[in-house]
Amino acid sequence: MKLRPVAADKHSCECGDACETTQPAIEHAEGERFSWLVSGMDCAACARKVENAVRKLDGVNHVQVAFATEKLTVVARSDIREQVEKAVQQAGYRLQGENAPTQVSPSRLQENLALILLIVMMSISWLLEQFNHPFGQAAFIVTTLVGLWPIARQSLRLMRSGSWFAIETLMSVAAIGALFIGATAEAAMVLLLFLVGERLEGWAASRARRGVSALMALKPDTATRIVNGERQSVMAQQLRPGDTIEVPAGGRLPADGRLLSPFASFDESALTGESLPVEHITGDRIPAGATSVDRLVTLEVVSKPGESAIDRILTLIEEAEERRAPIERFIDRFSRIYTPAIMLVALLVAIVPPLMVGAAWLPWIYKGLTLLLIGCPCALVISTPAAITSGLAAATRYGALIKGGAALEQLASVQQVAFDKTGTLTLGLPNVTGLYPLPGTDEATLLTLSAAVEQGSTHPLAQAILREAQARRLTLPATSAQRALAGKGIEALVNGQSVRLSSPDKLPDMQLDEALQAEILRREERGETVIVVLRESLAIGAIALRDTLREDAREAVAALRELGVQGVMLTGDNPRAAATIAGELKMDFRASLLPEDKVNAVIALNQRAPLAMVGDGINDAPAMKAATIGIAMGSGTDVALETADAALTHNRLGGLVQMISLARATRANIRQNIALALGLKAIFLVTTLLGITGLWLAVLADTGATVLVTANALRLLRQK
């Protein structure tokens, strides 16, 4: 079930009551799956509150809240939708059912009504205090009670749902304590500053989610489907693979489609970061959300509902939030101990001096309440998720998908990058550059047999041979018993004879005559890849192919060197061809590698320094897993994309440089945020114990730290 959010009051972020992170990954959880969209979350810690509330329900196997997409997913042994909705409502948030009418979002005036009311009451109280002290005190008490009511109510809700040490609890205790000791003006000021900070957090949250919201809005709700020549307007969710749709000039694709029109240009910038329109011809696959630039186009739908390019990106974003950075998990655990400890210290500060040395009660109770607010770890708790959310959102704008905070942190530590050659450093579209038949065989026969064996293969070299045969209009005979020889070649029976295509270095020298070996050597020294063709175990010739470097490969590798990141090429190609490509890029290389050899090479390199493995094929997946972090090219296989910790959706290697730079900027941002959060607390802790600062400065310090941390994290959205 898919549900839409309704308007709800905003709530502040969690102050330390983090959830457990040991539950099984959602894809492995057993049971029935339910999902909703949640409203009212201001920061990533608010998502923890919702998780805490739902996790306590009987029958829940897994619960996950993705803050970026505001999605709650629950896996349970039975239908517990009603209990989930009740638990979330008790925690102060709201869900909307699938068939419920969509409610209009509140206006800015409605959203800020409580804050405006408190500001007005605070101003009136201050004016009364100037002219009549008793009336002013009474007004401040009323102002405090009005501001305290929603906060105390939310505190009780969170306690019932399992969040005992939220900021609402600390604020309520501090405000009530201030009233009891007669600090009425400061009690009211504490609540006013708290609401100001809350609104700023809500604004920051909406900024951080704006990129995801824009992505969700890329798909139109309706589509024009053509059935028997007639046009029908249907909901996008009704489209199925095989349907024919029309998209007008300026219209967006509601699903992934295969172009049926002869030619068209599409703006794919929202998905890939590519600023220029991309030209496509008949048969090309176009992602959902792309815009037809200049003409009406006809396409065949190729994606199921919920499985388009946009849906897959949103799914990755949701899954990314489950993969939290190690530092974020540490701060979560730390804050669970820190918050109750601060409450205990504040209590001791309030009672120990009066009891032990006979000090006056009111000044030390005041200091204890001030310390309570200073100690709130709100800024510390959101320091990491705020930066990571901003970093992940910024990455999507450049066509980079990073699967969570853990991957972002690993990426920041990378000092080496291992590249697969074909399809990564090169375009993966090699062309046949020469046919070299031995005596007794002609070029047509050599190419016909080779293409026959390669029929059905998706390997780039196989596709090049098939394209060459098609260009020469050769008729291919039927084959049987086709089988791939992992890392060595492919063979099949053609007209009853065994035909094998193999790399020269995988054959005994005795199978190749001197003339053919000399020709192979010359071609490989030029950077070409050579395939030997054997019939009945006898060589009948060779085919030379050459791939071309990506346009931005040299620039990207050079930019990585400037970042202090060394590149190395790992390829199954022969050493001479690999050396030519590596020489052009001025990088180290390992050649003639089988998939298991790539894994061993990655493990060895990874032991020297953190390594990222970039690839696009099934054979790259094991090496990606062995590296510190795996990065897939967007044009790669599904296996590579699933295995990778990050992906370059636009296939530009320059995005790798942007990705690493952004990860390092995010790491620096996190350190700055932690320093800000702890530094301000340390300063005000000392000044409070010395009697220099009071309650309102304490909450200003806490709110100020939260705002500074959030604003600093938002700088990542402008990262170049």
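Values for this structure:
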quantity: Top-ranked residue of the range 607-622 - restricted to ones that are touching a helix residue (DSSP H, G or I) at 6+ places or on another chain (Cβ under 8 Å) and either under 11 Å from Lys421 (Cα atoms) or free of Cβ contacts under 8 Å to residues at least 24 places away in the same chain (or both), ranked as surrounded by the most Cβ atoms within 10 Å (Cβ to Cβ); calculated: Asp620
quantity: Neighbours by Cβ (under 7 Å, 6+ apart or cross-chain): first from the range 79-90, surrounded by fewer than 20 Cβ atoms within 10 Å (Cβ to Cβ); second of a type in the set (Phe, Trp, Tyr); calculated: Arg81/Phe34
quantity: Members of the range 117-141 found to be under 20 Å from Ile181 (Cβ atoms) and polar (S, T, N, Q), listed by number; calculated: Ser125, Gln137
quantity: Residues of the range 607-650 classified as β-branched (Val, Ile, Thr) and modelled with pLDDT of 70 or more, total; calculated: 5
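Conditions tested, residue by residue: (1) charged (D, E, K, R); (2) under 24 Å from Pro430 (Cα atoms); (3) in contact (Cβ under 8 Å) with a residue 60 or more places away in the chain.
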{"residue": "Ile531", "(1), (2), (3)": "no, yes, yes"}
{"residue": "Ala539", "(1), (2), (3)": "no, yes, yes"}
{"residue": "Gly567", "(1), (2), (3)": "no, yes, yes"}
{"residue": "Asn574", "(1), (2), (3)": "no, yes, yes"}
{"residue": "Ala582", "(1), (2), (3)": "no, yes, no"}
{"residue": "Asn600", "(1), (2), (3)": "no, no, no"}
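The values are calculated or read from the model by the stated rules, or taken from the named source; none is laboratory data. The structure presented is a predicted model; accordingly, all values stated were derived computationally and were not measured. Note: ideal-geometry Cβ built from the backbone for every residue, glycine included; neighbour counts use all protein chains shown.
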